[in-house]
Amino acid sequence: MTRLRALLAAPLFLLPACATVEDAALNAPPSRAVAIPQTQDPYFADAAAALAARAPQGRARNVILFIGDGMGVSTVTAARIYAGQRQGGDGESYDLAMDQAPHSAFSRTYSHDFQVADSAATATAMTTGVKTNSGVLGVASAARLGDCAAGQANSIPTLFELAEAQGLSTGIVSTARITHATPAAAYAHAAHRDWENDAVAAAGGAGACHDIARQLIEWPAGDGFEIALGGGRANFLPNTIADPEAPQIMGQRRDGRDLTAEWTAKSGHAYIWNAQQFAATDFSSDVRVLGLFSPSHMAYELQRGADPAGEPSLAEMTRAAITRLSQDREGYVLMIEAGRIDHAHHEGRAQLALADTVAMDEAIRTALAMTSREDTLIIATADHSHTLTIAGYARRNNPITGLSADEESPRPGALDGKPYTTLGYANGPGAVFAGEGPAARERPDLSGVDTSDPAFRVQALVPLASETHAGEDVPVYAWGPGAEAISGTIEQQLIFHAMAHALGFRFR
């Protein structure tokens, strides 16, 4: 038995709940006294002290955490302009739902070992309250990347596991694989984020450590997830079974297990994999739903209609998740990730990233409309940023995905005499110096190029096969009970403490 499983099984892991005068006055759930191992971690202790100094007063029955993967400040700004212009209005003054949040902050995203972090470490900070090493999930910083035994010895419970132990409902939604780093941070404990299925885990030296897909299906917290929606079917299917949507793609598991069948073998559990099944599902019932809508990641928002089997939008999945979780009167904890913002940036395709950011904003609007500011804390943030820039002297209302244009010239040129786009990347596959010889070292002329095509790869400075993350602080937006804790510049792990405090958890 791993250290975490032993903790989950221990009778004193969650101490008896104790009602207080404050709880009664706020008509909130009773305080939840909790004993967890990470209280001894300096990152945890420092963030707990920082939260206490802010003295947030609100209590929440429900918590929803939105994570725009890779959604830095420049992405939010460009998405705001893009959204407004797409509606035929003034993009610069347009308001996203995020712009209207009553509380906001900047979050520091460095990990224990990296100045510019990855999604595994940053998501773990938000779900466990500690900073850890890049590449690991649900383990403290003493666990090194790829070391199974160290990961088992340093597993730490997540907010979702604490919630399940107290009888709350839980759910995860992502447009990425549901086993990918960010959603996996809600439930998985792994010394390597790539151990998404048993074949990859074995090749990576996982040894006795279970793969992430198996961890989701066998999750020992409470009575398990009420709902999990996203991509990544291949990680749940054996390599002898073809994907139902794409027969040319086989499952990835070599252990012969069909984890989707194991899910549905449990009483009251349902598995769906396309838009038609999604539309036919009664999410207002007590059925527990696993929805896997793609062999790997789900489609980009601008390409979603091309999927022959169809995929629900992030807003539709958000509505379904909230509908399902609201059946529990005790409350719930829900993570919703717009995972493909990050992937589009890595490809250098800025418009795809902006459209997925707008799709997340629409999901936030859905959540705000379906919940009350009196009992639901909603936090929207990013795990890290990307190197997207908005530069030049483009005039007001100039298309954000177009060539820069000012009052003096409709196509101002750089020193090489060629026009340039308002958006750019510091590095990535759109770089000029992409090969050998003089021709490869000349910036392509964008005259006549349709830079508004979603497939257009934005020009970059440093040539890399994949654009990288960026290390600047990212925005955090908050609504509802306890949202006042989100202000100023915060350490990323304080987000965990704000959510836990709003739910009434008190750690020892």
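For ALA246, are the conditions met, namely being over 24 Å from LYS266 (Cβ atoms), outside any helix (DSSP H, G or I) and modelled with pLDDT under 95? Working first, answer last.
On the way: over 24 Å from LYS266 (Cβ atoms): yes; outside any helix (DSSP H, G or I): yes; modelled with pLDDT under 95: yes.
So ALA246 passes the test.
One residue alone among SER296, SER285 is surrounded by fewer than 18 Cβ atoms within 10 Å (Cβ to Cβ), more than 19 Å from ALA199 (Cα to Cα) and either at pLDDT 95 or above or touching a strand residue (DSSP E or B) at 6+ places or on another chain (Cβ under 9 Å) (or both), and that residue is SER285. Of the helices (runs of 4 or more DSSP H) that lie entirely inside the range 298-370, those containing 2 or more residues that are farther than 30 Å from ASP286 by Cβ and among the polar types (S, T, N, Q) span 350-370. Only one entry in ILE390, ILE400 is β-branched (Val, Ile, Thr) and either more than 30 Å from GLY471 (Cα to Cα) or buried (at least 24 other Cβ atoms within 10 Å of the Cβ) (or both), namely ILE400.
Anything in the range 155-186 that is under 24 Å from ARG61 (Cβ atoms) and hydrophobic (A, V, I, L, M, F, W, C)? List them, or say none. Those that are under 24 Å from ARG61 (Cβ atoms) and hydrophobic (A, V, I, L, M, F, W, C): LEU159, PHE160, LEU162, ALA163, ALA165, LEU168, ILE172, VAL173, ALA185, ALA186.
When the residues of the range 216-243 are narrowed to those that are of a type in the set (Val, Ile, Thr) and in a loop (DSSP other than H, G, I, E, B), which ends up farthest from MET298 (Cα to Cα)?
Our first condition is that a residue be of a type in the set (Val, Ile, Thr); within the range 216-243, this holds for 217, 227, 240-241.
Subset that is in a loop (DSSP other than H, G, I, E, B): 240-241.
Details: THR240: 22, ILE241: 20 Å.
For the range 216-243, the residue satisfying everything is THR240.
Applying the criterion of being buried (at least 20 other Cβ atoms within 10 Å of the Cβ) and not hydroxyl-bearing (Ser, Thr, Tyr) to the residues of the range 328-338, the residue that is farthest from GLY167 (Cα to Cα) is ALA338.
Restricting the first member to the range 245-260 and to residues that are in contact (Cβ under 8 Å) with a residue 40 or more places away in the chain, and the second to residues that are of a type outside the set (D, E, K, R) and assigned to a helix (DSSP H, G or I), the beta-carbon pairs closer than 6 Å and six or more apart or on different chains are GLN252/ALA199; GLN252/ALA234; GLN252/ASN235; ARG254/ALA199; LEU259/ALA213; LEU259/ILE217; LEU259/PHE236.
Looking only at the range 463-490, which residues are exposed (fewer than 15 other Cβ atoms within 10 Å of the Cβ) and farther than 19 Å from ALA48 by Cβ? Outline the logic, then answer.
Initially, the range 463-490 is screened for residues exposed (fewer than 15 other Cβ atoms within 10 Å of the Cβ), giving 465-466, 488-489.
ALA465, SER466, listed by residue number.
Against the definition (farther than 30 Å from SER111 by Cβ and either surrounded by 15 or more Cβ atoms within 10 Å (Cβ to Cβ) or touching a residue at least 60 places away in the same chain (Cβ under 8 Å) (or both)), how does PRO419 come out, yes or no? Outline the logic, then answer.
On the way: farther than 30 Å from SER111 by Cβ: yes; either surrounded by 15 or more Cβ atoms within 10 Å (Cβ to Cβ) or touching a residue at least 60 places away in the same chain (Cβ under 8 Å) (or both): yes.
Yes; evaluated as a whole, the condition is true for this residue.
Kindly establish whether ALA213 is under 19 Å from HIS297 (Cα atoms) and either of a type in the set (Val, Ile, Thr) or outside any helix (DSSP H, G or I) (or both).
Values: under 19 Å from HIS297 (Cα atoms): yes; either of a type in the set (Val, Ile, Thr) or outside any helix (DSSP H, G or I) (or both): no.
Taking the combined requirement at face value, the residue does not satisfy it.
One residue alone among ALA201, ALA213 is under 19 Å from ILE272 (Cβ atoms) and modelled with pLDDT of 95 or more, and that residue is ALA213.
Pairs linking a residue in the range 148-175 that is on the phi < 0 side of the Ramachandran plot and assigned to a strand (DSSP E or B) to a residue that is surrounded by fewer than 24 Cβ atoms within 10 Å (Cβ to Cβ) and basic (Lys, Arg), with Cβ atoms under 9 Å and 6 or more positions apart or on different chains, are SER155/ARG3; SER155/ARG5.
Which condition breaks for PHE106 when tested against (1) surrounded by fewer than 24 Cβ atoms within 10 Å (Cβ to Cβ); (2) more than 22 Å from ALA483 (Cα to Cα); (3) in contact (Cβ under 8 Å) with a residue 40 or more places away in the chain; (4) not hydroxyl-bearing (Ser, Thr, Tyr)? For PHE106, the failing item is (2).
Of GLU311, GLU226, which residue is buried (at least 22 other Cβ atoms within 10 Å of the Cβ), without any contact (Cβ under 8 Å) to a residue 60 or more places away in the chain and under 30 Å from ILE378 (Cα atoms)? If you could, list the steps in order and put the result at the bottom.
On the way: GLU226 fails: without any contact (Cβ under 8 Å) to a residue 60 or more places away in the chain.
Within the list GLU311, GLU226, the selection yields GLU311.
Among the residues of the range 339-354, just one is acidic (Asp, Glu) and surrounded by 24 or more Cβ atoms within 10 Å (Cβ to Cβ), namely ASP342. Is there a residue in the range 431-454 that is modelled with pLDDT under 95, crowded, with 17+ Cβ neighbours inside 10 Å and either touching a Lys or Arg at 6+ places or on another chain (Cβ under 6 Å) or within 29 Å of ALA120 (Cα to Cα) (or both)? Yes, the range 431-454 has at least one match.
The sole residue among GLY138, GLY88 that is on the phi > 0 side of the Ramachandran plot and surrounded by 18 or more Cβ atoms within 10 Å (Cβ to Cβ) is GLY138.
The values are calculated or read from the model by the stated rules, or taken from the named source; none is laboratory data. Keep in mind that what you see is a predicted model, and the values were worked out from it rather than measured. Counting neighbours? That spans all protein chains shown, and the Cβs are built from the backbone with ideal geometry, glycine included.
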